[in-house]
Amino acid sequence: MIADWLRILRPAHWVKNLFVLAPLLFAQHLFDWRLWTLSAAAAGSFCLLSGGVYVFNDVLDAERDRLHPLKARRPVAAGRISSAQALVVAACLTGVALCVAFWLQTRFGAVCAGYLVLNVLYSLVLKRVAFIDVSIIATGFVLRVVGGALVIQVVISGWVVACTFFLACLLGFGKRRHELAGLGTASPLSRPALGGYSLGSLRWAERATAAVTVLAYLAYTIAPGTVAKFGGYQLVFTLPFPIFGIVRFLQLVESRRDKAPTEALVTDFPSTFNLAAWVIVVVIALY
C-alpha cells in the first residue's frame, strides 16, 4: 500500500520543483542559509501541491489510463487505491501546501493558488487541446521560477522566464511525441490532445522550442542587466551545457521507448552529469 501511495504521488517528478531554486542561484544568494531555508520550504510547498494535483489527475483519468500499456498500472486505474481515498489525500496535500505557502509570503501563496487553479483547469478541460496542454504545463514551470523569486524577494530576468517556458515546452512536446509514436492510432483514447498532434508537427515544435530556448539563454547571458550585475560576460561560457542537454533530450525521445523521455532524462547519466557540471560552472562564474 505504501508503495502505491508513493507511486501515485510521483516523487520522481518532484525534481521539477528544483526550478524554485533557480532564482537563488542567479541572484547570487546560493550561500545565504536564511534564504536557502525559505527556498527549500517553497520547493516543499510545490512538492505537496504537485503531489495533490497528480493524485487528482489520476482519479479523473482512471478510465482512460486503463487503455494505456503503462498508465494502466497506476494504483487508481488498477483499483488498488479507491477514488474516494485518493481525493481525500489530494485535498489534504493541497490544503497543507497552500497554508505553508501563504505563511511563507502572501504573494508566493497567490502564485501557488494560481498554480493549483491552472492545474485543475488543465485536468478538467485544457489537457484535451493540442499545444494548449503543453503551454499550460510550461506555465507551471514559469510559476515555480516566479514563486522562487518572490519568496526570497529578488527580481528575475524576463529572459530567464522565457527560457524556462520554452524549455518546458520542449520537454512537453518530446513527451507527446513519445506517446504518439508508442500508441499509434490508440493514442487519442489514452490522451485526447494527441489527436491534434502529428509526429511531423511535434518534430517541428521540438526544433523551434529548442532553438528559442538556446537563444533566450544566450540573450540572458549577454543582456546589459546581466553583464552589469555579474560584472562581465562569463555566463556566456556556460552555453554549451544547455545545448548538450537539449540535444541529449532529443536523442532520448528517439531512442527510449521503455519510458517517457522526461523520466528517462532523470536517470540518464550523461544528462545528470551535464546538469551537475552546468551548476558547478555557473557557481564558479557567478561566485
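The values are calculated or read from the model by the stated rules, or taken from the named source; none is laboratory data. The structure presented is a predicted model; accordingly, all values stated were derived computationally and were not measured. All Cβ positions, glycine included, derive from the backbone under ideal geometry; neighbour counts span all protein chains shown.
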Condition first: more than 17 Å from the chain's Cα centre (by Cα), among the aliphatic types (A, V, I, L, M) and closer than 22 Å to Phe108 by Cα. Can you find one or more residues in the stretch 14-24 that meet it? yes
Taking the stated definitions as given, is Val253 part of a helix (DSSP H, G or I) and touching an Asp or Glu at 6+ places or on another chain (Cβ under 9 Å)? yes
Test set (1) under 22 Å from Gly52 (Cβ atoms); (2) in contact (Cβ under 8 Å) with a residue 40 or more places away in the chain - Leu126 fails condition number: (2)
Just a yes or no: is a residue in the stretch 168-180 assigned to a helix (DSSP H, G or I), farther than 21 Å from His13 by Cα and either in contact with a Gly (Cβ under 7 Å, 6 or more places away or on another chain) or of a type in the set (Gly, Ala, Ser) (or both)? no
Qualifying position, being aliphatic (A, V, I, L, M), part of a helix (DSSP H, G or I), in the same structural domain as Thr209 (by TED's automatic domain parsing) and under 30 Å from Leu180 (Cβ atoms), among Ala162, Ala90, Ala86, Ala138: Ala162
Examine the stretch 240-261 for a residue that is modelled with pLDDT of 95 or more and over 21 Å from the mean Cα position of the chain (by Cα), and state whether such a residue exists. yes
Pair list, Cβ under 9 Å, 6 or more apart: the stretch 93-118 residue in the same structural domain as Cys47 (by TED's automatic domain parsing), other residue of a type in the set (Lys, Arg): Val111/Arg144; Tyr115/Arg144
For the structure I just gave you, tell me whether Arg144 is crowded, with 17+ Cβ neighbours inside 10 Å, in the same structural domain as Val247 (by TED's automatic domain parsing) and in contact with a helix residue (DSSP H, G or I) (Cβ under 8 Å, 6 or more places away or on another chain). no
With the requirement that a residue be within 19 Å of the chain's Cα centre (by Cα) and free of Cβ contacts under 8 Å to residues at least 40 places away in the same chain, what does the stretch 25-46 give you? Ala40
Filter result (closer than 27 Å to Lys71 by Cα, in contact with a Ser or Thr (Cβ under 8 Å, 6 or more places away or on another chain) and aliphatic (A, V, I, L, M)) within the stretch 215-272: Ile246, Leu252, Leu265, Val266
Filtering the stretch 63-80 down to residues that are more than 22 Å from the chain's Cα centre (by Cα) and assigned to a helix (DSSP H, G or I) yields Glu63, Arg64, Ala72, Arg73
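Here are Ala84, Ala72, Ala3: which of them is in contact with an Asp or Glu (Cβ under 7 Å, 6 or more places away or on another chain), among the hydrophobic types (A, V, I, L, M, F, W, C), surrounded by fewer than 20 Cβ atoms within 10 Å (Cβ to Cβ) and at pLDDT below 90? If you could, list the steps in order and put the result at the bottom.
On the way: Ala84 fails: in contact with an Asp or Glu (Cβ under 7 Å, 6 or more places away or on another chain); Ala3 fails: in contact with an Asp or Glu (Cβ under 7 Å, 6 or more places away or on another chain).
When all the criteria are applied, what remains is Ala72.
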